[in-house]
Ligand SMILES: C[S@@+](CC[C@H](N)C(=O)[O-])C[C@H]1O[C@@H](n2cnc3c(N)ncnc32)[C@H](O)[C@@H]1O
């Protein structure tokens with residue numbers, strides 16, 4: 001069922017129990033975490049203690065699901081790099097009043113020192129511009145202890 005703010009992309013795939021039993025054994029280091037984001041995302045960092053997260057891809061079709069997924073960033077910022085590349089799959093053809101862009105706007109409004117912003121002009125920097133360029137964002141932890149640490153020559157679009 002669509003929530004009101006979702007733009008009308010229907011969910012296309014469900015990871016079935018069969019997929020879990022066949023896929024998980026083929027993964028050497030990755031671990032599948034199945035379930036509603038509302039039940040899994042909030043405890044993900046503490047439960048699974050991943051290496052510092054540098055990239056997050058959000059592809060859950062719904063406004064409400066995107067909002068639930070973004071709760072990942074409410075964890076201790078030390079679980080992340082100071083800037084996290086984020087890909088949002090469902091923003092093309094939408095606007096800030098619906099779907100993922102609305103979820104991003106609400107996240108930004110609710111967080112003073114953590115912001116998600118698009119990488120303006122990324123397409124112009126690509127030798128082969130592509131559809132996915134428009135979905136690329138950066139999440140900034142402005143109060144991350146390493147935010148101002150020099151990391152060498154980084155691409156200018158990463159801020
Ligand atoms: C377009 S598919 C993702 C496809 C995936 N990126 C891939 O390439 O295989 C969207 C998925 O988001 C899942 N989803 C949507 N809302 C969710 C939620 N609140 N919690 C967990 N999964 C959710 C759906 O079950 C569906 O499998």
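Candidates in the range 52-66 are the residues that are more than 18 Å from residue 138 (Cβ to Cβ) and outside any loop (DSSP other than H, G, I, E, B); of these, the one that is farthest from the ligand (Cβ to nearest atom) is 63. On the stretch given as the range 80-107, residues that are assigned to a helix (DSSP H, G or I), at negative phi and surrounded by 18 or more Cβ atoms within 10 Å (Cβ to Cβ) total 6. Residues in the range 31-46 that are surrounded by 10 or more Cβ atoms within 10 Å (Cβ to Cβ) and part of a loop (DSSP other than H, G, I, E, B): 32, 33, 34, 41, 42, 43.
Pairing each residue of the range 22-50 that is in contact (Cβ under 8 Å) with a residue 24 or more places away in the chain with any residue that is surrounded by 10 or more Cβ atoms within 10 Å (Cβ to Cβ) and assigned to a loop (DSSP other than H, G, I, E, B), provided the two are 6+ apart or on different chains, yields C-beta distances under 6 Å for 45/75. So residue 144 passes all but one of these: (1) in contact with a strand residue (DSSP E or B) (Cβ under 7 Å, 6 or more places away or on another chain); (2) outside any loop (DSSP other than H, G, I, E, B); (3) touching a residue at least 12 places away in the same chain (Cβ under 8 Å); (4) away from the ligand (no atom under 16 Å from the Cβ). Which condition number does it fail? Exception for residue 144: condition (2). Does residue 38 satisfy the criteria of being more than 30 Å from residue 130 (Cα to Cα) and near the ligand (Cβ under 10 Å from one of its atoms)? Criteria met by residue 38.
Please verify whether the range 80-87 includes one or more residues that are under 29 Å from residue 147 (Cα atoms), within 12 Å of the ligand (Cβ to nearest atom) and either in contact with a helix residue (DSSP H, G or I) (Cβ under 6 Å, 6 or more places away or on another chain) or modelled with pLDDT of 95 or more (or both). Reasoning before the result, please.
Taking the range 80-87 and keeping what is under 29 Å from residue 147 (Cα atoms), we get 80-87.
Filter again for within 12 Å of the ligand (Cβ to nearest atom), leaving 87.
With the extra rule that they be either in contact with a helix residue (DSSP H, G or I) (Cβ under 6 Å, 6 or more places away or on another chain) or modelled with pLDDT of 95 or more (or both), the set shrinks to 87.
Checked against the condition, which is being under 29 Å from residue 147 (Cα atoms), within 12 Å of the ligand (Cβ to nearest atom) and either in contact with a helix residue (DSSP H, G or I) (Cβ under 6 Å, 6 or more places away or on another chain) or modelled with pLDDT of 95 or more (or both), the range 80-87 yields at least one hit.
The values are calculated or read from the model by the stated rules, or taken from the named source; none is laboratory data. As the structure is a prediction and not an experimental result, all values here were calculated from the model. A quick note on method: Cβ atoms are made from the backbone with ideal geometry, for glycine too, and the neighbour counts reach across all protein chains shown.
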